[in-house]
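Everything below concerns the one structure shown next.
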Amino acid sequence: MGVGVEFLKGHGTENDFVVLPDPDGLLDLTEERVRALCDRQRGLGADGVLRVVRPDFGPWFMDYRNADGSIAEMCGNGVRVFVRYLVSEGLIPTGESTIGTRAGQRHVIAHEDGTVTVDMGPARVFGTSSTTLGAASFDGVAVDVGNPHLACVTTTPVATLDLLRDTPEFDAAVFPNGVNVEYVNVLGDGALRMRVHERGVGETRSCGTGTVAAVASWLHGTGQRTGKATVDVPGGQVSVVIEEDTSTLTGPAVLLARGELDQAWWDAL
Ligand SMILES: N[C@H](CCC[C@H](N)C(=O)O)C(=O)O
């Protein structure tokens, strides 16, 4: 590459990210630079940024940032793109490996077909709560997937929700650090449809941790502790398995471009 800042663009079920290789941790990734990178007019456009860091000890680390510049503990779709990048660079092998996140280390499997399976850790149901969206209200299940979720199973067809006009209201006593809100329809046994309003982003076409929360909420409502489901999101489909002490997410990961940010543009931020 030249003298600019190297980047890649990728997505997991159309939840899209700017990937910033930064093995030695030299990039000063400020909130303003994250917001500029994610801006779909003045920047590259993305739901978030994945900075790729090689710690002194431990596996490659995913420094995830939301489009508003905020930091989140975990990003399920982001991990799949992060793994796809590391495999494409020969930094981890196809097959099984481990990566680091703010929510802890995660075991991953990079499959030959381009999909990635991520051990997402436990999907911990920690209560119930409700949310309003415009004039409508929804009851949901609070789920910790490393980051906070309110997953609302509803008979209201999720396609009818206006997530551009309306922003979900939530109980700050239950979610003091904000929350990702999922709206979930049950299509059949083991088949869900979901839309999501993400903390720090807004509506996205998919949310990996959100699909885990959606399946956990569905199982909670049917009195089951374990199970599996496919989840249709606007950006595609993923598969989720909820076990007693962990959960797994499997889905596609695409790297579509590689380039260089103009150094003067970067320095001016
Ligand atoms: N907005 C989320 C982080 C990104 C999660 C999502 N993109 C995923 O794939 O899990 C939060 O603030 O907790």
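The values are calculated or read from the model by the stated rules, or taken from the named source; none is laboratory data. None of the values given here were measured: they were computed from a predicted structure. We place every Cβ from the backbone using ideal geometry, glycine too, and count neighbours over all the protein chains shown. We work out accessible area using only protein heavy atoms, side chains counted, and drop any ligands, DNA or RNA first. Shrake-Rupley method; radii C 1.70, N 1.55, O 1.52, S 1.80 Å.
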Inset, instruction - Inspect all residues belonging to the range 145-163 and state whether any of them is at positive phi, open to solvent by 30 Å² or more (accessible area, probe 1.4 Å) and more than 21 Å from the chain's Cα centre (by Cα). - result: no
Inset, instruction - Could you give me the residue pairs with C-beta distances under 9 Å whose first residue belongs to the range 1-27 and is basic (Lys, Arg), whose second residue is open to solvent by less than 10 Å² (accessible area, probe 1.4 Å) wherever it lies, and which are 6+ apart or on separate chains? - result: 9/17; 9/18; 9/19; 9/45; 9/46
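So, residue 65, is that one charged (D, E, K, R) and within 11 Å of the chain's Cα centre (by Cα) or not?
yes
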Inset, instruction - Go through the range 50-73 and give me each residue that's open to solvent by less than 50 Å² (accessible area, probe 1.4 Å), more than 19 Å from residue 26 (Cβ to Cβ) and either within 14 Å of the ligand (Cβ to nearest atom) or in a strand (DSSP E or B) (or both). - result: 66, 67, 69, 70, 72
Inset, instruction - Any residue in the range 207-223 that's within 11 Å of the ligand (Cβ to nearest atom): show its pairings with residues that are among the hydroxyl-bearing types (Ser, Thr, Tyr) and open to solvent by 10 Å² or more (accessible area, probe 1.4 Å) at Cβ separation under 9 Å, as long as the two are six or more apart or on different chains. - result: 211/239; 212/248
Inset, instruction - Six or more apart or on different chains, Cβ under 6 Å: which pairs go from a residue in the range 235-264 that's of a type in the set (A, V, I, L, M) to one that's at pLDDT below 95? Could you list them? - result: 261/4
Legend entry - Residue pairs meeting the criteria (Cβ under 7 Å; at least 6 apart or on separate chains; first aromatic (Phe, Trp, Tyr), in the range 143-172; second within 13 Å of the ligand (Cβ to nearest atom)): 170/150; 170/179; 170/181
Legend entry - Among the residues listed as 196, 181, 201, 238, the single one being open to solvent by 30 Å² or more (accessible area, probe 1.4 Å), among the hydrophobic types (A, V, I, L, M, F, W, C), within 14 Å of the ligand (Cβ to nearest atom) and modelled with pLDDT of 95 or more: 201
Inset, instruction - Go over the candidates 257, 268, 229 one by one and state the one that is over 20 Å from residue 114 (Cα atoms), at pLDDT 95 or above and surrounded by fewer than 19 Cβ atoms within 10 Å (Cβ to Cβ). - result: 268
Legend entry - Residue check, residue 172 buried (at least 24 other Cβ atoms within 10 Å of the Cβ) and out of contact with any Asp or Glu (no Cβ under 8 Å at 6 or more places or on another chain): no
Legend entry - Count - residues of the range 74-120 that are more than 23 Å from residue 34 (Cβ to Cβ), crowded, with 20+ Cβ neighbours inside 10 Å and of a type in the set (Gly, Ala, Ser): 1
Inset, instruction - Could you tell me whether any residue of the range 157-180 is touching a Cys at 6+ places or on another chain (Cβ under 7 Å) and either in a loop (DSSP other than H, G, I, E, B) or not β-branched (Val, Ile, Thr) (or both)? - result: yes
Inset, instruction - Filter the range 74-117 for residues that are closer than 17 Å to residue 17 by Cα and in a strand (DSSP E or B) and give the result. - result: 101, 115, 116
Inset, instruction - Just need a number here: residues in the range 138-169 that are of a type in the set (Gly, Ala, Ser) and within 22 Å of residue 222 (Cβ to Cβ). - result: 3
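Name every residue in the range 38-49 that is within 14 Å of the ligand (Cβ to nearest atom), under 20 Å from residue 236 (Cα atoms) and free of Cβ contacts under 8 Å to residues at least 40 places away in the same chain, in order of residue number.
Within the range 38-49, just 46 meets the criteria.
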